[in-house]
């Protein structure tokens, strides 16, 4: 049995990363009985999650949703990031999938990571994505950490 953990932080987003994750998981879930999927959701994602019969869902109590914290000057609290990390650490996965760096949080248990990167706008044109250089620096640290934990990077384009 292959055990796959999934970051569901962007599940509630009806466009972009959320749509990507929903369509991918809907296509994969139930195709192979030898693969077991577990998705970690905040309360906003939990309310809209509809694959309960094919995917095990874990609710992680956070103070805000990933989508709610995703503004040019917003961010998730350190407490919420730690809660997500610890929730995943309670499980044993063969691989953990982050559909996007956007909702990434560090894994504290050694696990292979598949990381999705959709674009490079925040890196190439930070003035379009961040309200300050400080926020851009935090983003760069987050990307570096995510890439350091990843054994494989998935992109949606060749660019």
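The values are calculated or read from the model by the stated rules, or taken from the named source; none is laboratory data. Since we're looking at a predicted model, the values are computed, not measured. All Cβ positions, even for glycine, are placed from backbone atoms using ideal geometry, and neighbour counts span all protein chains on display.
Only a single item in (1) within 28 Å of residue 157 (Cα to Cα); (2) touching a residue at least 60 places away in the same chain (Cβ under 8 Å); (3) in contact with a strand residue (DSSP E or B) (Cβ under 8 Å, 6 or more places away or on another chain); (4) not in a loop (DSSP other than H, G, I, E, B) is not met by residue 84, and it is number (1). Within the stretch 137-154, the set of residues being surrounded by fewer than 16 Cβ atoms within 10 Å (Cβ to Cβ), in contact (Cβ under 8 Å) with a residue 12 or more places away in the chain, over 14 Å from the mean Cα position of the chain (by Cα) and more than 16 Å from residue 95 (Cβ to Cβ) comprises 138, 140.
Selection within the stretch 1-19: residues that are surrounded by 15 or more Cβ atoms within 10 Å (Cβ to Cβ) and modelled with pLDDT under 90. The member of this set that is nearest to the chain's Cα centre (by Cα) is 10. All conditions in (1) modelled with pLDDT of 90 or more; (2) surrounded by 16 or more Cβ atoms within 10 Å (Cβ to Cβ) hold for residue 35, with the sole exception of (2). The set of residues in the stretch 33-49 that are assigned to a loop (DSSP other than H, G, I, E, B) and in contact with a helix residue (DSSP H, G or I) (Cβ under 9 Å, 6 or more places away or on another chain) contains only 42.
Quick one: count up the residues across the stretch 106-136 that are surrounded by fewer than 10 Cβ atoms within 10 Å (Cβ to Cβ), at pLDDT below 90 and assigned to a loop (DSSP other than H, G, I, E, B). Result for the stretch 106-136: 0.
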